[in-house]
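> Here you go, one structure.
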Amino acid sequence: MTTNESSIPTDFIRNIINEDLRNNKNDGRVHTRFPPEPNGYLHIGHAKSICLNFGIAAQYNGLCNLRFDDTNPSKEEEEYVQSIIEDVRWLGFDWDDRLFYASDYFEQMYEYAVQLVKAGKAYVDDLSADEIKEYRGTLTSLGKESPYRNRSVEENLDLLERMRAGEFENGSRVLRAKIDMSSPNLNLRDPAMYRILHAEHHRTGDKWCIYPMYDWAHGLEDSIEMITHSICTLEFEDHRPLYDWFLDELGAYHPQQIEFARLNLTYTVMSKRKLLQLVEEGYVNGWDDPRMPTISGLRRRGYTPESIRTFCERIGIAKTDSTIDIALLEHCIREDLNKRAPRVMGVLRPLRVVIDNYPENEKEELDAINNPEDPDAGIRKVPFSRVIYIEQDDFREDPPKKFFRLAPGREVRLRYAYFITCTDVVKDEHGEIVELHCTYDPASRGGNSPDGRKVKGTIHWVSADHAIEAEVRLYDRLLAVANPAGDENGKDFKSYLNPDSLETVTGYVEPSLAGAAPLSRYQFERLGYFCVDSQDSTKEKLVFNRTITLRDSWAKIEQKL
RNA sequence: AGCCGGGUAGUGUAGUGGUAGCACAACGGCCUUUGGAGCCGUCCGCUCGGGUUCGAAUCCCGGCCCGGCUGCCA
């Protein structure tokens, strides 16, 4: 991909890399990696990490690997592998032939483990999980050594071999690093390196029944791939001494681990556990539900890769725990789509309007500009006729102050069409407005006013006879509060789900939209940006997802009235 | 409580010894055939107390506050 390097703001990680480059550390190489565990779908928080790692590689003329950290077969699945590959690629990044799997290194890791055992730095422990926990001590009390801690190298080697051979049951033994049971850093109190897990691995099948723990595996993966800067999130800060210990004891190539703060977004939950819960308990329709903060959800919602990358650039990188205002994400997609999305007209909540002085059975084609932000986008024809639909919101029988749209006796402009004046309001037996009668000024064709008279409002419309019916899904924030994970009141995040996060309406769109391709994006003038649904839209029945509304300054004015 | 990390406008983020910049948000105005977009402007900040220095957001000491850590998860 092309990266405008000068536009990338600096941050403490790039500062470290600059310094390393100055000192010719790693012979001037920059090599990062994005190492997801294939146990869920990628979300916008991962995008931050992806943009960081791939972005740094691009900026410094380095490389970035895509590596699956598949060390726990009980949680990982091939489905996730595929979705992750698709999502990273969609975001615009490329790893050439450097797609790796931690599981490809299992043999090498085992050999390293044998090396550590031989050096007297690791041992097989027969303690149960509960006992190990007990022996570990607490944040304030020291741990104590396992009675198995001082087995001979020969015995450890034999036991480790038999662990691998499958002689023992799940949980009956672990291989532990022999470090320091009294370390104030709990991670250093003889951490487990291998656990016994008789489980089918999605790539290695039943070849292994012992699997490496994260701390043991991750540094080795980085080392094997000759990573220079191993960037991870803050919660691994306490693990860095362990990362360093393993690599130092082994005398292996030693990348530098650097931690940064993960992304939090207002009105959003980000943990895989919570997202999984939303999917499994049916609060949303799958991982790619357009309300989900997953990459696949954002894609289906209509977000562009560019907008997500811009967002990731603007939020910055630091070590401070922070929560980004979702308004920034929304700003980024509006900004991008404003430049590129073709404009069309669509009416979501139709109100029938009959233009009494317009001839029946007549139809004319009016010119409409495809994108005022892009002169090259050209123009298109929009059909106009005697009966049209306008938005219910664009008419008020009793208009409040500053309401510029249609009202009895008032004149407005129909976008690209004519000036019309409302002459009559038709209601049903419940007093609901069902139809408007208007007259039009033939001299105002195209929306111009030859006599120079001004109208305050311009509204959108579609021709009733020519418009296409479409299902439109109006999305709003999934969560109703800014900090749903806050738990201040001890409430579960699900109690903050927004009951109105999805409203489905049947609307009418102009005929130029016939056959619109899945995932194509449009601005419905005055309403917002909409994207053709990738799953449910067909030639016969269009389905649109609302990506985001336009900024609505009338709503603000109205609020203050 | 022990260890580790962090505190710069409302929210984020630059600035690493020369007196604080950017983005979003908010607010006001201009403009407009989208109450969109754009343009202009306004508001708002260095966690506190000492110290070093001609000079401190930056260095030192102490306090306060926030986050992470007691999986055979990652």
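The values are calculated or read from the model by the stated rules, or taken from the named source; none is laboratory data. Values in this document were obtained by computation on a predicted structure and should not be read as measured data. Quick reminder, even Gly has a Cβ in these numbers, built from the backbone with ideal geometry, and neighbours come from all protein chains shown. Remember, those area values only see protein heavy atoms, side chains included, never the ligands or the DNA or RNA. Shrake-Rupley method; radii C 1.70, N 1.55, O 1.52, S 1.80 Å.
> Out of A:L561, A:L497, A:L513, I need the residue that is open to solvent by 70 Å² or more (accessible area, probe 1.4 Å) and either assigned by TED's automatic domain parsing to the domain that holds A:Y283 or farther than 19 Å from A:R291 by Cα (or both). Which one?
A:L561
> Let me ask something additional. Can you pull out the residues in region A:363-383 that are in contact with a Phe, Trp or Tyr (Cβ under 8 Å, 6 or more places away or on another chain) and either surrounded by 19 or more Cβ atoms within 10 Å (Cβ to Cβ) or in contact (Cβ under 8 Å) with a residue 40 or more places away in the chain (or both)?
Within region A:363-383, A:K363, A:L366, A:D367, A:A368, A:I369, A:V382 qualify.
Here is a yes/no grid of residues against (1) open to solvent by less than 60 Å² (accessible area, probe 1.4 Å); (2) farther than 19 Å from A:V353 by Cβ; (3) more than 11 Å from RNA strand B (Cβ to nearest atom); (4) modelled with pLDDT under 95:
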| residue | (1), (2), (3), (4) |
| --- | --- |
| A:Y418 | yes, no, no, no |
| A:D441 | yes, no, yes, no |
| A:S444 | yes, no, no, no |
| A:K456 | no, no, no, yes |
| A:E469 | no, no, yes, no |
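> Which strands (runs of 3 or more DSSP E) sit wholly inside region A:365-419 and have at least 3 residues that are among the hydrophobic types (A, V, I, L, M, F, W, C)?
By residue number, A:379-385, A:387-391.
> Please state which of the following conditions A:D248 fails to meet, knowing it meets all the rest: (1) part of a loop (DSSP other than H, G, I, E, B); (2) without any contact (Cβ under 8 Å) to a residue 12 or more places away in the chain.
(1)
> Go through region A:319-342 residue by residue and tally those that are in contact with a strand residue (DSSP E or B) (Cβ under 7 Å, 6 or more places away or on another chain), assigned to a loop (DSSP other than H, G, I, E, B) and open to solvent by less than 60 Å² (accessible area, probe 1.4 Å).
Residues meeting the conditions: 2.
> If A:T549 passes every condition in (1) in contact with a strand residue (DSSP E or B) (Cβ under 8 Å, 6 or more places away or on another chain); (2) within 16 Å of RNA strand B (Cβ to nearest atom); (3) in contact (Cβ under 8 Å) with a residue 60 or more places away in the chain; (4) open to solvent by 30 Å² or more (accessible area, probe 1.4 Å) but one, which one does it miss?
So the condition that A:T549 fails would be (3).
> Considering (1) open to solvent by 50 Å² or more (accessible area, probe 1.4 Å); (2) within 23 Å of A:L366 (Cα to Cα); (3) touching a residue at least 60 places away in the same chain (Cβ under 8 Å), say which one A:L519 fails and leave the rest.
For A:L519, the failing item is (2).
> Among the listed residues A:D428, A:D476, which satisfies the condition of being touching a residue at least 12 places away in the same chain (Cβ under 8 Å) and within 30 Å of A:L502 (Cβ to Cβ)?
Being touching a residue at least 12 places away in the same chain (Cβ under 8 Å) and within 30 Å of A:L502 (Cβ to Cβ) holds for just one of A:D428, A:D476, which is A:D476.
> In addition: List every residue pair whose Cβ atoms sit under 8 Å apart, with the two residues 6 or more apart in sequence or on different chains, where the first one lies in region A:336-347 and is closer than 14 Å to A:L414 by Cα and the second, anywhere, is open to solvent by 50 Å² or more (accessible area, probe 1.4 Å) and outside any strand (DSSP E or B).
Filtered contacts from region A:336-347: A:V344/A:S512; A:M345/A:R415.
> Is it the case that some residue within region A:69-78 is closer than 17 Å to A:I231 by Cβ, within 13 Å of RNA strand B (Cβ to nearest atom) and in the same structural domain as A:H254 (by TED's automatic domain parsing)?
Looking for residues that are closer than 17 Å to A:I231 by Cβ, within 13 Å of RNA strand B (Cβ to nearest atom) and in the same structural domain as A:H254 (by TED's automatic domain parsing), one finds at least one in region A:69-78, hence yes.
> Let me ask something else about it. Does region A:523-532 contain any residue that is more than 14 Å from RNA strand B (Cβ to nearest atom) and modelled with pLDDT of 95 or more?
yes
> May I ask you to say which residue of A:E200, A:E145, A:E167 is among the acidic types (D, E) and surrounded by 14 or more Cβ atoms within 10 Å (Cβ to Cβ)?
Just a single option satisfies the conditions, and that option is A:E145.
> List every residue pair whose Cβ atoms lie under 6 Å apart, where the two residues are 6 or more positions apart in sequence or sit on different chains, the first residue falls within region A:218-238 and is under 23 Å from A:S322 (Cα atoms), and the second residue, located anywhere, is of a type in the set (D, E) and part of a helix (DSSP H, G or I).
Partner pairs satisfying both residue conditions: A:S230/A:D222.
> Kindly indicate whether A:T228 is polar (S, T, N, Q) and under 30 Å from A:N24 (Cα atoms).
So A:T228 fits the description; yes.
> Okay, next question. Just name the residue that is farthest from the chain's Cα centre (by Cα) out of those in region A:228-264 that are more than 15 Å from RNA strand B (Cβ to nearest atom) and aliphatic (A, V, I, L, M).
Only one residue fits best here, namely A:L250.
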